[in-house]
1. When Cβ neighbours within 10 Å are restricted to other protein chains, what is their mean count per residue of peptide B:243-249?
2. Which whole-number percent is the relative contact order of region B:185-335 (Cα, under 8 Å, 6+ apart)?
3. Normalized C-alpha radius of gyration of region B:237-282, against 2.2 N^0.38 Å?
4. How high is the relative contact order of region A:78-164, in percent, counting Cα pairs under 8 Å that sit 6 or more residues apart?
5. Classify region A:78-164 as rounded, prolate or oblate from the Cα gyration tensor: take a ≥ b ≥ c as the square roots of its eigenvalues, call it rounded if a/c is under 1.5, otherwise prolate when a/b beats b/c and oblate if not.
6. Mind checking which of A:103, B:264, B:320 is farthest towards the positive end of the protein assembly as shown's charge dipole, using Cβ charges of +1 (Lys, Arg) and -1 (Asp, Glu) about the Cα centre?
7. For a test of the definition: using alpha carbon positions, the gyration tensor, and the 1.5 limit on a/c, classify region B:63-102 as rounded, prolate or oblate.
8. Give the order of B:332, B:287 when sorted by the count of other beta carbons within 10 angstrom, beginning with the fewest.
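Please treat every number below as a calculation from the coordinates, not as lab data. This one's a predicted model, so the numbers in the text were calculated from it and none came from an experiment. Cβ sites come from the backbone with ideal geometry, for glycine too, and all protein chains shown count toward neighbours.
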Amino acid sequence: MQRRVEEEGRVSMQCPTSGSTETSSLTADREAPVYSSYQKITDGLKIVSYVINDRGKYELTPDFLWQPVTVVNHQAWEEIAKKTTISRNKVAAGRVSCLHYYMTANQMDIGLVAQYTGQPRWKVCLHLVPFVFARVSADTLRKYAELYKISLDDLCKGRLLAPFTMTNNQE
Amino acid sequence: MILLDFPHTQSAHCESGVAANLLTHQGLKISEAMAFGLGGGLFFGYLPFIRINGLPLVTYRAAAGNILRQIASIPGVGMVEKKFRNRDEAMAELDKTLAASIPVGLQTGVFWLPYFPKALRFHFNAHNLVVYGKEGNEYLISDPVFPTPVRCPAEDLARARFASGPLAPKGKMYYLTRVPVELELTPHIIRGIQSVCKMMLASPFPLIGVKGIRFLAKRLGKWPQRLGRENADLHLGHVVRMQEEIGTGGGGFRFMYAAFLQESAAAMQEPRLQECAASLTAAGDTWREFAAMAVRICKKRGGPEASYPAMVACLNRCAAMEEKVFTELRQWTRQQP
């Protein structure tokens, strides 16, 4: 993991600082390894961007993504992963309920969970306490299970599954 | 099964792509860049009181729905826009409209769309797409940032339409009812440019337009002290993501708008617009320079040339360049008959 990050960093260093669009598109062609990491970001999705051609006209150019985007996207996911790990440890230590883990892993905050489940924020706050969570009604649990696309059983037993966005992606 | 004949063209930005595709479907062929320009899509806003994933909203384009609304206000174009409270009602209305063989545009939250790349599934609620058919329990979707049409189960689409959080779509759907056979572009190009100039130069709020860029520059310089190094880097990464990630066409929509100016220059035989397009491209390149610098800081490889003060200077340069471009454009629009 660390290795790959290093590699991306090296490549992004080579990106022109004051480069015009033409030079950046050249860099994209030259750098084979980055290309693969861009594919990883978009899952092989080919997107289009506006790039100036040799006659100075803008063209929709397929298959071109400005490379530094990968770095910031990666940074955002690292942050989410970090928060998720902290939350996982807290759940293991019994300081918060497994709802906290699912909330964090799905990039939500209390306000968002409250909106999605149609409850006041303070209730969601209370449900983050393991003692309260163990006594939550089945109806409310069902709402949470539906929101995170997990089974009621998993939620009751407190199994920490990967968020659904990471698993059931269609090809 | 319903399957409408819909021209799917891939585009860089979702809303202008949807607008261009819907108009093309109705027989009025325009490019994505033109739709973006007619709709006055370019903007800048730094709105720290709206939080996305806990980070302040920086936007380089007009509010969601603005492009479509402005295009719908062109005389001869009719658009119906509906919002819903109830999920079933919203899906029933979608089916009914599809059955009347009208392709329907939807605003959705990308987090709930299963066909989206994993790495882009954030809670972002202003993604537009067109539904042009239904097969069994699956909708056939023309998502303008995808190269080919995609499919999405009804259940997931319903969730995406009722995503919560900032910019919640509330089941918003829209479709065109009529379009003019021929469209004289010139007055609408001028109007589109006017509205963008107004936003960029003459906004009374300091968070919007060129003033907003300067405001962001000022705030950004203080981030390392106010937020700590790590958090400041996160904020910075967020700014760059809003600027460059999918759906911007690069350079925070500046390149797309330059493409529009170029196309307008050709359509109106107006060399001044061509010059403005060139200066806007230069501004876009400066934005990219800023982003490249930011990325080096995020990777903790900032040399002396990549530091927060250097980025403040770079942002101020962007602001100055854009101020010049839009002042020139404003002058141009005032000289038009």
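1. 6
2. Value for region B:185-335: 31 percent.
3. 1.31
4. That works out to 30 percent.
5. In terms of gyration-tensor shape, rounded.
6. After comparing all options, I get A:103.
7. oblate
8. B:332, B:287
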